[in-house]
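Quick notes on the structure that follows.
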Amino acid sequence: MRRSFLRLLTGEREIRLTRTAPSPDELREKFKEIDSLGLYVHIPFCEQICPYCPYNKELYSSDLADGYVRAIKREIDLYADIVADRPVTSFYIGGGTPTTMLHSGLAEIVGHVRRAFDLRCDIHMESHPNHLSADNLHAIESLGVRHLSMGVEALFDRHLKTLCRPYTVSQVKEAVARAVSYGFTCVNVDVMFALPGQTYGEIEETGRELVRLGVDQVAAYPLFLFPYTPMGRTNGARGHVIRQSIKRRRMLRLLEDIFYQGGYERTSVWAFTRRGVPRYCSVTVPLYLGLGASGGSYLRDVFYLNTFNVAEYIKALESGGMGIALSVDLTEGMQRAGWLYWRIYETRFRRADYRERFGEDLDGAYGRYLGALSRLGLLQDDGELIALSDRGAFWLHACEDLLSIDYVGKLWGTSQRDPWPERAILV
Ligand SMILES: C[S@@+](CC[C@H](N)C(=O)[O-])C[C@H]1O[C@@H](n2cnc3c(N)ncnc32)[C@H](O)[C@@H]1O
Ligand code: SF4
């Protein structure tokens, strides 16, 4: 089914990433056609490794963090030369847990980015609830962070225990309240639902409590089981797919009702943002550079990924390399399908945006699919603006397991096993 979907949308049988990397000269050429870009910086450290987490991370050590700062500064210098004076219009620091480096190099990295690039935006950054003391919030704000996110995950102690999160409900609520009252433009809280044994009553209570706490945005994800994580390995057969999908759907419905009544609107497939607040999100532009171990870059007709291994990343940069492990040239079909997937994921886009990006009418390539999706009530289409309905968001959720989560699982699983894989084939 996935294969047919891929074929239908992109014309390809598979996505094949190989160990070839675009050269600095090739990248320089690409940037001549790019007006602005987004920047992603990956901080691959955590104080503790959570058993469900698919992201690229390792335990924090100050030696490794020192080497990482030196390496990422080199990578910034390399790209500053390639990007030239193109403005950076979105800047996101993710992880791992960026705040592990709050007092050991993060300010140096951000300062280096500011000197190297023409930064024309606020910073969006992820954090951990245990790192949000009043002093740390001040240090975070001093970096230029205006949009702050934290992984709360659950508001019942028994679920926090299942997820091995190192805090209690009352501690995490205090951290949320401190962040909310600090005056950031947007405070986002991540929670997970459809957790083992979680009841509908618990998810309702969680949604209501988040509204009461006054968070600006909630990103609610169903628990995905990635086969290469400890929880994925032991709970692979957890429940029947259909039973899980009914539970996810009902829980998501409950959350939708609570957030809509609370004055929030859907701003991505997963996120609900208080009306009038600029949303917290990872990349707000369609083209971006990803720096650091496992940083991924998407530059119009190429996607590439740095090595996931922190020591190898540092070694590569120290020896004058770029740290790129895998890349794929994107055909026109892949670019169009990728663009459309991400715009629908953001829940709305204009036909004119597609015309501007690809120089042709959206309906030529996708008119009949969009028509069918509108008739099924998955999209609302007023002739110019196309918006995902709640029903559409649910089906995109349901398909995520089949599409992006499976791709991400394969690509990240391969990259975590082998720092320099020969290839990764996504079918
Ligand atoms: C990088 S972490 C957040 C920042 C910080 N490291 C923390 O744990 O608080 C990103 C978020 O992805 C979500 N996440 C991680 N693993 C997940 C999984 N297996 N299924 C669904 N969501 C997941 C969690 O909500 C988590 O907060
Ligand atoms: S969930 Fe957050 S703290 Fe836990 S391992 Fe993943 S990135 Fe680190």
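The values are calculated or read from the model by the stated rules, or taken from the named source; none is laboratory data. Just so we're clear, the structure is a prediction, and the values are computed from it rather than from any experiment. Here Cβ is always computed from backbone atoms with ideal geometry, including for glycine, and neighbour counts include all displayed protein chains.
Here's the yes/no breakdown for (1) crowded, with 21+ Cβ neighbours inside 10 Å; (2) within 16 Å of ligand 2 (Cβ to nearest atom); (3) of a type in the set (A, V, I, L, M, F, W, C):
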residue: 27; (1), (2), (3): yes, no, yes
residue: 33; (1), (2), (3): no, no, no
residue: 45; (1), (2), (3): yes, yes, yes
residue: 57; (1), (2), (3): yes, yes, no
residue: 97; (1), (2), (3): yes, yes, no
residue: 108; (1), (2), (3): no, no, no
residue: 111; (1), (2), (3): no, no, no
residue: 126; (1), (2), (3): yes, yes, no
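Of all the residues in segment 53-95, those that are in a loop (DSSP other than H, G, I, E, B) and either of a type outside the set (D, E, K, R) or more than 16 Å from residue 309 (Cβ to Cβ) (or both) number 9. Of the residues making up segment 35-81, just one is more than 16 Å from ligand 1 (Cβ to nearest atom) and touching a Pro at 6+ places or on another chain (Cβ under 6 Å), namely 36.
Considering only segment 195-216, I want to know if a residue exists there that is within 16 Å of ligand 2 (Cβ to nearest atom) and touching a Leu at 6+ places or on another chain (Cβ under 8 Å). Looking for residues that are within 16 Å of ligand 2 (Cβ to nearest atom) and touching a Leu at 6+ places or on another chain (Cβ under 8 Å), one finds at least one in segment 195-216, hence yes. Could you list, in sequence order, the residues of segment 27-79 that are hydroxyl-bearing (Ser, Thr, Tyr) and in contact (Cβ under 8 Å) with a residue 24 or more places away in the chain? Result: 36, 40, 52, 55, 60, 62, 68, 79.
Taking residue 337, is it over 23 Å from residue 194 (Cβ atoms), surrounded by fewer than 14 Cβ atoms within 10 Å (Cβ to Cβ) and in contact (Cβ under 8 Å) with a residue 24 or more places away in the chain? It is false that residue 337 is over 23 Å from residue 194 (Cβ atoms), surrounded by fewer than 14 Cβ atoms within 10 Å (Cβ to Cβ) and in contact (Cβ under 8 Å) with a residue 24 or more places away in the chain. Screening residue 317 on (1) modelled with pLDDT of 90 or more; (2) surrounded by fewer than 16 Cβ atoms within 10 Å (Cβ to Cβ) shows it passes everything except condition (2). Of all the numbered requirements in (1) closer than 24 Å to residue 393 by Cα; (2) within 12 Å of ligand 1 (Cβ to nearest atom); (3) of a type in the set (Lys, Arg), residue 208 misses one, and that requirement is (2). Against the conditions (1) surrounded by 21 or more Cβ atoms within 10 Å (Cβ to Cβ); (2) touching a Leu at 6+ places or on another chain (Cβ under 7 Å), residue 136 satisfies every one except (1).
Scanning segment 139-157 turns up at least one residue that is over 20 Å from the mean Cα position of the chain (by Cα), within 14 Å of ligand 1 (Cβ to nearest atom) and either free of Cβ contacts under 8 Å to residues at least 24 places away in the same chain or under 25 Å from residue 200 (Cα atoms) (or both).
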